[in-house]
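The values are calculated or read from the model by the stated rules, or taken from the named source; none is laboratory data. All of these numbers come straight from a predicted model, not from anything done at the bench. For neighbour counting, all protein chains shown are included, and Cβ atoms are generated from backbone atoms with ideal geometry for every residue, glycine included. Side chains included, ligands, DNA and RNA excluded: accessible areas come from the protein's heavy atoms. Shrake-Rupley method; radii C 1.70, N 1.55, O 1.52, S 1.80 Å.
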Number of protein chains: 4
Amino acid sequence: MKDIQNRRDFRQVPIQKAGVKNLQYPLDVLDRENKVQHTVGNVSMYVDLPHHFKGTHMSRFLELLNEHRGKISLLNIGVILKAMVSRFDSTTAHLEMRFPYFVEKSAPVSQAKSLMNYQCAFLATYSRKRRREPLDLIVEVMVPVSTLCPCSKAISKQGAHNQRSWISIQIRSRELVWIEELIAIAEAEASSGLFALLKREDEKYVTEQAYARPRFAEDVARAIARKLKKDPRITWFQVASENLESIHNHNAYALVTSNGLQEKSQR
Amino acid sequence: MKDIQNRRDFRQVPIQKAGVKNLQYPLDVLDRENKVQHTVGNVSMYVDLPHHFKGTHMSRFLELLNEHRGKISLLNIGVILKAMVSRFDSTTAHLEMRFPYFVEKSAPVSQAKSLMNYQCAFLATYSRKRRREPLDLIVEVMVPVSTLCPCSKAISKQGAHNQRSWISIQIRSRELVWIEELIAIAEAEASSGLFALLKREDEKYVTEQAYARPRFAEDVARAIARKLKKDPRITWFQVASENLESIHNHNAYALVTSNGLQEKSQR
Amino acid sequence: MKDIQNRRDFRQVPIQKAGVKNLQYPLDVLDRENKVQHTVGNVSMYVDLPHHFKGTHMSRFLELLNEHRGKISLLNIGVILKAMVSRFDSTTAHLEMRFPYFVEKSAPVSQAKSLMNYQCAFLATYSRKRRREPLDLIVEVMVPVSTLCPCSKAISKQGAHNQRSWISIQIRSRELVWIEELIAIAEAEASSGLFALLKREDEKYVTEQAYARPRFAEDVARAIARKLKKDPRITWFQVASENLESIHNHNAYALVTSNGLQEKSQR
Amino acid sequence: MKDIQNRRDFRQVPIQKAGVKNLQYPLDVLDRENKVQHTVGNVSMYVDLPHHFKGTHMSRFLELLNEHRGKISLLNIGVILKAMVSRFDSTTAHLEMRFPYFVEKSAPVSQAKSLMNYQCAFLATYSRKRRREPLDLIVEVMVPVSTLCPCSKAISKQGAHNQRSWISIQIRSRELVWIEELIAIAEAEASSGLFALLKREDEKYVTEQAYARPRFAEDVARAIARKLKKDPRITWFQVASENLESIHNHNAYALVTSNGLQEKSQR
């Protein structure tokens, strides 16, 4: 049977990424409390394709994924990527996994337990060109929080507009930073964290806490950036804070990156 | 050339809806202020297919749409639907159009003008079986508003959680009810309406107004239902209120329909 | 502490549905092969609220869900709904769960195994008014398949346009119908089923099979409707077929319901 | 009234982007045929915020947008961005607009006219640091096309799987490149372009043309990259091709950038 993909290509155009996108797959993610957590991920896998090959054998991505079924976690992302460059005879390989992650939280007063969901991602690349550190891994966490507007509080006789906000943190690190640690940093710098289950005494606490801690999107992004900068394990980061404004139908947004901080300190 | 669609089908299965879905198309919508408003819609068109025909000639939907290009508004939905049943020789025809709609609003204190966007829809059906009133039209408006939690306000020393909410209103009516009228009803029953542009004096006003008018999702749905019920033009309605809770990562929801109200009054 | 929700309401407006929407939660779904399958669901829970109560205690939905954590499957949906009407003192309760579901499939020639994902839902309602059968359950399955256009094949010298399509089946039944059974019916009536992993010999088989079995969206909906109608366990159904047309940027759509079939047979 | 945003911040953290996101707004886009086209955009506007300011006055973005209402097109993006850096006293400004764009196309045989929709974007940045060329503009076009699999055609006795695909092109250029030109390049390199309206003779033509021009996602990306590289107006580009595979439930993907091409030629 003909192998069209394997034919020679003469167009002199190398392909940076060729592969499969938007594949749903069951994942097992490391969990600080329970060792492993079953979830469902959206997976993309790409390799580079040298200019002289016509196409990629896409079925090999699925074979590889199936070989690691039930063992796909942060611990063996490097192994999977290495198998990708080897099996495709490529220079670089990319593996992206996006998945909901659950953490059991206790309500602040009643201590009632409930599960909060956080959208997370592992964005990993392996390159043979980076001999000493071929693996590059970005961990991403989206943390829904509550923010209360400092301006609205300062100028109004009573109350202040507040809203659900999304904090997105992306990091590169020297050693493992738990998803739970990033969530804790994000929630500590918002006006309040969110909970799936709040009894009335908790709702009072959360409302008063948010009123006592007004934060602009800019404040949230800055405060988290400062904490991430101080963590010796973290080598790069990007923080975005996005408010689903309760007085507007558009969102307020602020972004800080570690690159931007370095520029600052050089001035 | 063979006409496969026109062949006889022997499976004895009539098709309720056959047609085209998710078609983007420029629309012209009637506007109370400016007569007509240019927008972009998502359009679906279906007819019923008698059991003895194999398929629908889908290209005819597009021909029909093109014939009415630049004149697709509430005024001629009936004309388009009638042309659909006639051209497809069908008993019923369905036309659904979803589109963003803009209204110029003035901020409450500064009177600064800005454009607010509302997601609207016309859901229309024409049936030859309903001899006297073949056209059935539902107008739908999604109104983003602000709601402030009555419970949170009552139990907290200061502040109250509030959030962006969506109010969805669907109506059938004897005569034209402007989209602008439905928006006005929704905004009047929320804790506050939203604005694209608010100066500081407006933000103070909106914050204090919302604090003075706490509303559960249930309150909003009920109050709007009462207003719609009193309008002699409106013959059927459904109201839903959905809060993007600022203390939870899930939404609070309440739904009232005119059918439910009738059940009530019969008890 | 004040209980605002529990206050009397005087507006005489009963609420059909009040509750929580769009809650992410880990689910355990019955699986014909492996007994149980871990997945992640999007959950909504509503009860009706009599006209004389001001609000719903939304936290109770979460308490209930947490009590059944790890045991939320088709088998105890009735138990959860019964607990809802009892704990909220309501007449009706609604529980909706949408989730990805995985089935291991073997490629048609190589027999290579891979996981296919299907979007499924349980839409359940419990009503005290329906004394003898208080539980009403709809099972929904979305099956991605391939369809090849009969018209394109008939009029073209070579080839025929084909595309990814979605078949949506909703059923009510007297006894358990496995999700796997509905998937099998859908895939059998399409031009071909889909697979995550196909080797070259499988791709040849699937291509030739699809070319040998051209199907309009109308054909697919009709053929599935006939099969569902013959199944004595199934008491109601709705089938929709939607083609992501490879020659258009809009979709072709066909819908058949068991109600429509009854109308037919009465004529 | 207090101006909280204007207060001094002491955290030494500059913000790269602060502003408004996901704002719906009517846009007027330059159109090669009709001079201007009314559409509806999703707009985001950001400026950088020096470390010593606490917050951004978000209402100013809206004021600026309103001042240019009815005149927001490619021609005055530079003017709007310049006004942003000036009014916010910032170093950089970002303006992103995403919008559907319609082009009238004639079917290949019948010449029947219909409107095709393309999702487009302008991604513009203005920086005072880049003295000579402060404006950086990326034009993005998403072109839905049809691709037919070369492997499937080569190994199968009859037919070949084909599907709807999305080609995404992003370019930077020395002078105006029409959206229509980018669409034409994309459609010429796919197995076939798409049409809203095709009569039977057109469907035959399109089917046979696609069968005669099989293309992998890799082929499409490469061929477009070669054309863009030869255009002297274009200084940078990125091309991605994504197939909604009709035999899989995931997509096939290929990406080529002008940077990757330069690497190649240096080897």
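For region C:175-215, a residue qualifies if it is more than 8 Å from chain D (Cβ to nearest Cβ), polar (S, T, N, Q) and either part of a helix (DSSP H, G or I) or more than 21 Å from residue C:158 (Cβ to Cβ) (or both), and exactly one does: C:209. State yes or no: is residue B:256 more than 25 Å from residue A:144 (Cβ to Cβ) and more than 9 Å from every other protein chain (Cβ to nearest Cβ)? In short, no. Within region B:229-237, does at least one residue satisfy the condition of being aliphatic (A, V, I, L, M) and in contact with a strand residue (DSSP E or B) (Cβ under 7 Å, 6 or more places away or on another chain)? Looking for residues that are aliphatic (A, V, I, L, M) and in contact with a strand residue (DSSP E or B) (Cβ under 7 Å, 6 or more places away or on another chain), one finds at least one in region B:229-237, hence yes. Among residues that are in contact with a Leu (Cβ under 7 Å, 6 or more places away or on another chain), modelled with pLDDT of 95 or more and of a type in the set (D, E, K, R), residue B:218 is included. Only residues that are open to solvent by 20 Å² or more (accessible area, probe 1.4 Å) and in contact (Cβ under 8 Å) with a residue 60 or more places away in the chain were counted across region A:64-85, and they come to 1.
Among all residues of region C:75-85, there is none that is more than 11 Å from chain A (Cβ to nearest Cβ), within 20 Å of residue A:27 (Cα to Cα) and out of contact with any Cys (no Cβ under 7 Å at 6 or more places or on another chain). Could you tell me whether region A:26-44 includes any residue that is touching a Leu at 6+ places or on another chain (Cβ under 7 Å), farther than 16 Å from residue A:119 by Cβ and surrounded by fewer than 20 Cβ atoms within 10 Å (Cβ to Cβ)? Yes, some residue in region A:26-44 is touching a Leu at 6+ places or on another chain (Cβ under 7 Å), farther than 16 Å from residue A:119 by Cβ and surrounded by fewer than 20 Cβ atoms within 10 Å (Cβ to Cβ). Quick check on region B:18-57: of everything there that is within 15 Å of residue C:253 (Cα to Cα) and among the small types (Gly, Ala, Ser), which residue is farthest from the other protein chains (Cβ to nearest Cβ)? So the residue we want is B:44. Residue A:55 satisfies every condition listed in (1) more than 20 Å from residue A:5 (Cα to Cα); (2) open to solvent by less than 10 Å² (accessible area, probe 1.4 Å); (3) not hydrophobic (A, V, I, L, M, F, W, C) except (1).
The residue list A:242, A:218 contains one member that is among the acidic types (Asp, Glu), in contact with a strand residue (DSSP E or B) (Cβ under 7 Å, 6 or more places away or on another chain) and in a strand (DSSP E or B), which is A:242.
When residue B:108 is tested against (1) open to solvent by 20 Å² or more (accessible area, probe 1.4 Å); (2) of a type outside the set (Ser, Thr, Tyr); (3) within 21 Å of residue B:228 (Cα to Cα), only condition (3) is not met. Of D:122, D:88, D:102, all but one fail to be open to solvent by less than 20 Å² (accessible area, probe 1.4 Å), farther than 30 Å from residue B:60 by Cβ and either touching an Asp or Glu at 6+ places or on another chain (Cβ under 6 Å) or among the aromatic types (Phe, Trp, Tyr) (or both); the exception is D:122.
Quick grid of which residues meet (1) closer than 18 Å to residue D:17 by Cα; (2) not polar (S, T, N, Q):
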site	(1), (2)
A:193	no, yes
A:210	no, yes
A:222	yes, yes
A:230	no, yes
A:250	yes, yes
A:257	yes, no
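Considering only region C:26-42, I want to know if a residue exists there that is within 29 Å of residue A:201 (Cα to Cα), β-branched (Val, Ile, Thr) and assigned to a strand (DSSP E or B). Checked region C:26-42: no residue is within 29 Å of residue A:201 (Cα to Cα), β-branched (Val, Ile, Thr) and assigned to a strand (DSSP E or B). Within region B:147-161, none of the residues are open to solvent by 30 Å² or more (accessible area, probe 1.4 Å), over 30 Å from residue D:69 (Cβ atoms) and within 15 Å of the chain's Cα centre (by Cα). Only a single criterion out of (1) within 8 Å of another protein chain (Cβ to nearest Cβ); (2) open to solvent by 30 Å² or more (accessible area, probe 1.4 Å) is not satisfied by residue C:15, namely (2). Is it true that some residue in region C:165-174 is within 16 Å of residue D:163 (Cα to Cα), within 14 Å of chain D (Cβ to nearest Cβ) and either open to solvent by less than 10 Å² (accessible area, probe 1.4 Å) or part of a helix (DSSP H, G or I) (or both)? Within region C:165-174 (the criterion being within 16 Å of residue D:163 (Cα to Cα), within 14 Å of chain D (Cβ to nearest Cβ) and either open to solvent by less than 10 Å² (accessible area, probe 1.4 Å) or part of a helix (DSSP H, G or I) (or both)), the answer is yes, since at least one residue qualifies. Does residue A:106 fit the bill of being free of Cβ contacts under 8 Å to residues at least 24 places away in the same chain and under 27 Å from residue C:41 (Cβ atoms)? Yes. Of the strands (runs of 3 or more DSSP E) contained entirely in region D:61-152, those carrying at least 2 residues that are touching a helix residue (DSSP H, G or I) at 6+ places or on another chain (Cβ under 8 Å) and small (Gly, Ala, Ser) fall at D:113-127. If I ask for residues that are open to solvent by less than 20 Å² (accessible area, probe 1.4 Å) and within 23 Å of residue A:222 (Cβ to Cβ), which ones from region A:181-205 would you list? Within region A:181-205, A:182, A:183, A:186, A:190, A:191, A:192, A:193, A:194 meet the criteria. Say whether the condition of being under 20 Å from residue C:96 (Cα atoms) and open to solvent by 20 Å² or more (accessible area, probe 1.4 Å) is met by at least one residue in region B:222-230. No: region B:222-230 contains no residue that is under 20 Å from residue C:96 (Cα atoms) and open to solvent by 20 Å² or more (accessible area, probe 1.4 Å).
Pairing residues of region A:174-193 that are farther than 17 Å from residue A:243 by Cα with residues that are open to solvent by 30 Å² or more (accessible area, probe 1.4 Å) and of a type in the set (A, V, I, L, M), at Cβ distances under 6 Å and at least 6 apart in sequence or on separate chains, gives no pairs at all.
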